[in-house]
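Here is the structure we will look at, set down as structure tokens.
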Amino acid sequence: MASRRVTRKWEVFAGRNRFWCDGRLMTAPHPGVFALTLALICGTCALHFAFDCPFLAARVSAAVPAAGAALCALTLAALLRTALSDPGIIPRAAPAEAAALEAAEAGRPPPRAREVLVRGRAVKLKYCFTCKMFRPPRASHCSLCDNCVDRFDHHCPWVGNCVGKRNYRYFYTFVVSLSFLAVFVFACAVTHVALLARGAGLAAALRATPASAVVAAVCFLSVWSVLGLAGFHTYLASTDQTTNEDIKGSFSTRRGVSNPNPYSRGNACANCWHVLCGPLAPSLIDRRGVLRDEMPPHFARVVTTPPAAAPPPPLQLAVPPEPGGALGGSYSNLFAGEPARHAYMNRSLDLDPVPLQRTPSPRPPRRRASPPALALEPAPPGLSASRLRLLHDTTMIDAALDLDEPEPPPHLPHAPHAPHAPHVSHAPHASHAPVHGRALAAL
């Protein structure tokens with residue numbers, strides 16, 4: 001039984017690009033000029049190898065056709081890679097993403113631009129109303145291909161594609177290699193005609209090899225523009241600029257105020273290395289991917305299942321401080337009017353020479369008779385206020401100081417204390433309930 005045909009993402013691509021070989025290759029919507037470029041290069045090189053190379057290999061050197069073949073192969077490879085690859089297209093925002101962005105603006109259209117800092121300089125992120133997103137820095141929307149392209153340089157009809165972040169190095173290789181190839185083929189054609197004209201004259205030489213005259217004329221007319229283009233893009237690569245930025249004057253001096261390029265590495269060699277030899281960014285469009293609606297059920301279920309939610313953090317009980325301003329049982333904010341503190345952020349490690357003096361807190365009015373209060377020993381004289389505060393920050397001082405023994409029954413006498421320890425009158429039994437409650441909450 002024949003398998004069901006699936007729909008690839010390139011078949012429903014929102015832009016105007018044309019795809020070939022089941023989405024493996026892509027070009028601009030009108031690749032006719034690219035076909036003309038390919039025909040001119042291939043035709044000129046064919047005439048060169050058919051008429052000039054055999055003569056020059058016999059009269060000059062066998063390395064001439066080898067050098068011509070290497071330059072031609074490099075030029076064609078760079079041209080095809082530039083024309084048939086993804087230039088760095090940025091996918092359009094999904095409907096849910098666009099709706100969320102508009103909802104964040106309270107139903108109004110998003111602002112036309114936002115600013116971000118790139119190496120300390122403000123750079124505008126423009127909103128694309130076609131792609132429904134804020135474009136990254138240096139990206140622009142190509143009106144011919146109807147796509148946003150990352151690090152957009154320009155749309156070149158001669159290569160039949162946009163030139164952007166992912167194919168700029170191949171475009172630069174194509175332009176430079178084409179300039180060398182044009183000079184080389186022109187020199188070979190002129191040499192061929194000159195060697196033939198030594199004995200028979202120029203007219204006889206042109207009649208003997210008219211193909212060399214045609215090749216020389218084509219190369220002479222095209223070499224100037226190709227050399228100028230190669231020099232211009234060498235300047236752009238050495239300054240880490242794009243054609244779009246250079247035409248707009250994005251980093252030029254305006255009204256006497258300098259506007260340096262925040263993307264420059266500081267010198268020409270570092271810029272050329274980054275632009276031409278840096279890591280190649282992956283493609284953001286999955287051209288040959290299968291639509292989720294047509295995935296197998298088990299695979300679509302795995303892809304669309306959201307990740308498991310993280311468990312909620314444990315509840316932390318917060319106990320209000322005592323009425324008299326004494327230390328409470330909350331660990332994150334111990335003192336009123338001060339920011340939250342952590343043990344590793346505590347800076348109260350300096351010893352305080354003044355010993356801690358206990359201040360009795362106001363007691364609530366007594367409503368019933370209470371048994372005699374217990375006597376507690378005072379704090380050791382060597383424990384300073386700063387140490388006690390650090391102990392509270394790190395170990396819950398409310399629980400640490402709640403060390404009094406259980407109150408004896410009324411019919412038993414009180415436990416004797418050491419004769420040298422002065423007795424401090426403690427709070428009645430009714431006031432112990434909040435302290436024990438805080439200690440249990442802290443534990």
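Per-structure values
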quantity: Cut-off 20 Å (backbone N to label point 7 Å along Cα→Cβ of V257), residues of region 115-151; calculated: 115-126
quantity: From phi via Karplus (6.51, -1.76, 1.60), per-residue ³J(HN,Hα) for region 28-38 in Hz, x at Gly/Pro; calculated: 6, x, 10, x, x, 5, 5, 5, 5, 4, 5
quantity: F220 versus K126: modelled label distance in nm, points set 7 Å from Cα along the beta carbon direction; calculated: 4.3 nm
quantity: Positive dipole terminus of region 99-230, leading residue within F186, A139, V123 (C-beta point charges); calculated: V123
quantity: Taking region 104-235 and dividing mean pair separation by its residue count, relative contact order in percent (alpha carbons under 8 Å, at least six apart); calculated: 13 percent
quantity: Under the Karplus curve 6.51 cos²θ - 1.76 cosθ + 1.60, θ = phi - 60°, whole-Hz ³J(HN,Hα) for region 72-79, x wherever Gly or Pro sits; calculated: 5, 5, 5, 5, 5, 5, 5, 5
quantity: Inter-label distance for A213 and D146, nm, one decimal - labels placed 7 Å from Cα along Cα-to-Cβ; calculated: 5.0 nm
quantity: Ranked V257, V226, V159, criterion: other C-beta atoms within 10 Å, fewest first; calculated: V257, V226, V159
quantity: Eligible lysines near K9 by straight Cα distance, threshold 28 Å, same-chain separation 8 or greater; calculated: K126, K132, K165
quantity: Net charge over other residues, Cβ less than 14 angstrom from the Cβ of W273 (K, R count +1; D, E count -1); calculated: +1
quantity: Region 173-302, dipole about Cα centre (Lys/Arg Cβ +1, Asp/Glu Cβ -1), debye to the nearest 20; calculated: 120 debye
quantity: Relative contact order for region 55-152, counting Cα pairs under 8 Å that sit 6 or more residues apart, in percent; calculated: 21 percent
quantity: Per-pair calculated FRET efficiency, R0 = 35 Å: A98 and A35 via Cβ, rounded to 0.05; calculated: 0.40
quantity: Scattering profile of region 1-85 at q = 0.26 Å⁻¹ [log10 I(q)/I(0), Debye over alpha-carbon scatterers]; calculated: -1.22
quantity: More than 26 angstrom apart: percent of Cα pairs within region 1-147; calculated: 54 percent
quantity: Long-range Cα-Cα pairs in region 131-275 (distance over 26 Å), rounded percent; calculated: 44 percent
quantity: Net lengthening on full extension, C21/A58 (0.36 nm per residue, minus Cα-Cα); calculated: 9.0 nm
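Bear in mind that the values in this text are calculations on the coordinates, not laboratory data. Small disclaimer: the values here were computed from a predicted structure and weren't measured. Glycine gets a Cβ as well: all are built from the backbone with ideal geometry, and neighbour counts include every protein chain shown.
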